[in-house]
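Have a look at the structure below before the remarks.
The values are calculated or read from the model by the stated rules, or taken from the named source; none is laboratory data. Because the structure is a prediction, the values reported are computed rather than measured. Positions of Cβ are generated from backbone atoms using ideal geometry, with glycine treated the same way; all protein chains shown enter the neighbour counts. Side chains are part of the model used for accessible areas, which takes the heavy atoms of the whole protein and leaves out ligands, DNA and RNA. Shrake-Rupley method; radii C 1.70, N 1.55, O 1.52, S 1.80 Å.
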Amino acid sequence: MKINIKINNLNKTFNIDNYGISLLDLLRREGYKSVKKGCDTGTCGVCTVLLDGKPILSCSLLAIKANGHEVTTVEGVSEEAKIIAEYITAEGGDQCGFCGPGLVMAIMGLKNENLEINSESVKEYLAGNLCRCSGYEAQHRGIMKYLEVEK
Ligand code: FES
Ligand code: FES
């Protein structure tokens, strides 16, 4: 079966032999290695990508469900990712970075929503993006500054 997905603004066609392959595994197979594989059970958030502008866990979506849709990975927002990383680093939150791509995509999703931005709403929105290095406070300060300045 062939499926078509617009990834980072480019139309792509993929051959799917295994209908059970997740979007995460398809993306990584096709070279989008920024999309990290952590728990693979929908609980850590490191595999977050945007599907039609909304954050989803790519480990929990069959690749065939993305047929005809638009997917954005951190490769598609690399400039914004760099800026977010600078804000987090400035607050002392630079650690191993494994959670970074998923976190950036969740922040992009947050910006696409019409949410009131305050410390609690941001914490709540990003609660599914776990960081094994556990530097949440510094990360959060950096993210809040980014959201305040780069609206
Ligand atoms: S790898 Fe998808 S939520 Fe953990
Ligand atoms: S910075 Fe290491 S997992 Fe978050």
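Just to confirm my filter: which helices (runs of 4 or more DSSP H) fall fully inside the range 87-151 and include at least 3 residues that are over 23 Å from L57 (Cα atoms)? Working first, answer last.
On the way: elements: 100-112, 119-125, 136-149.
Result: 136-149.
Scanning for something at pLDDT 95 or above, out of contact with any strand residue (DSSP E or B) (no Cβ under 8 Å at 6 or more places or on another chain) and either surrounded by fewer than 13 Cβ atoms within 10 Å (Cβ to Cβ) or not charged (D, E, K, R) (or both), does the range 59-69 turn up at least one residue? Even if it seems obvious, please write down each step before you answer.
Applying the first criterion (at pLDDT 95 or above) to the range 59-69 yields 59-69.
Filter once more, so that each one left must be out of contact with any strand residue (DSSP E or B) (no Cβ under 8 Å at 6 or more places or on another chain): 65.
Cutting the leftovers down to either surrounded by fewer than 13 Cβ atoms within 10 Å (Cβ to Cβ) or not charged (D, E, K, R) (or both) gives us none.
Checked against the condition, which is being at pLDDT 95 or above, out of contact with any strand residue (DSSP E or B) (no Cβ under 8 Å at 6 or more places or on another chain) and either surrounded by fewer than 13 Cβ atoms within 10 Å (Cβ to Cβ) or not charged (D, E, K, R) (or both), the range 59-69 yields no hits at all.
Here are the criteria: (1) near ligand 2 (Cβ under 9 Å from one of its atoms); (2) crowded, with 17+ Cβ neighbours inside 10 Å. Tell me which single one M105 does not satisfy.
It fails just one condition, (1).
Could you please find all residues in the range 95-129 being over 22 Å from V71 (Cβ atoms) and in contact (Cβ under 8 Å) with a residue 12 or more places away in the chain?
Residues satisfying the conditions are Q95, C96, I117, S119, V122, K123.
Pull up the range 21-58, narrow it to residues that are without any contact (Cβ under 8 Å) to a residue 12 or more places away in the chain and assigned to a loop (DSSP other than H, G, I, E, B), then point me to the one that is surrounded by the fewest Cβ atoms within 10 Å (Cβ to Cβ).
Applying the filter and picking the extreme gives G31.
Any residue that is within 16 Å of ligand 2 (Cβ to nearest atom), within 14 Å of the chain's Cα centre (by Cα) and not assigned by the TED database to the domain that holds A127 - is there at least one of those in the range 60-68?
The first filter runs over the range 60-68 and keeps only residues within 16 Å of ligand 2 (Cβ to nearest atom), leaving none.
Checked against the condition, which is being within 16 Å of ligand 2 (Cβ to nearest atom), within 14 Å of the chain's Cα centre (by Cα) and not assigned by the TED database to the domain that holds A127, the range 60-68 yields no hits at all.
Between a first residue in the range 73-91 that is closer than 16 Å to E148 by Cα and a second residue that is open to solvent by 50 Å² or more (accessible area, probe 1.4 Å), which pairs have beta carbons less than 7 Å apart while being 6 or more apart in sequence or on different chains?
I83/E150; Y87/K145; I88/D94; E91/R141
Step by step: first the residues of the range 69-101, then only those that are more than 16 Å from ligand 2 (Cβ to nearest atom) and of a type in the set (S, T, N, Q), then the one that is nearest to I7 (Cα to Cα). Which residue is that?
It comes out as T72.
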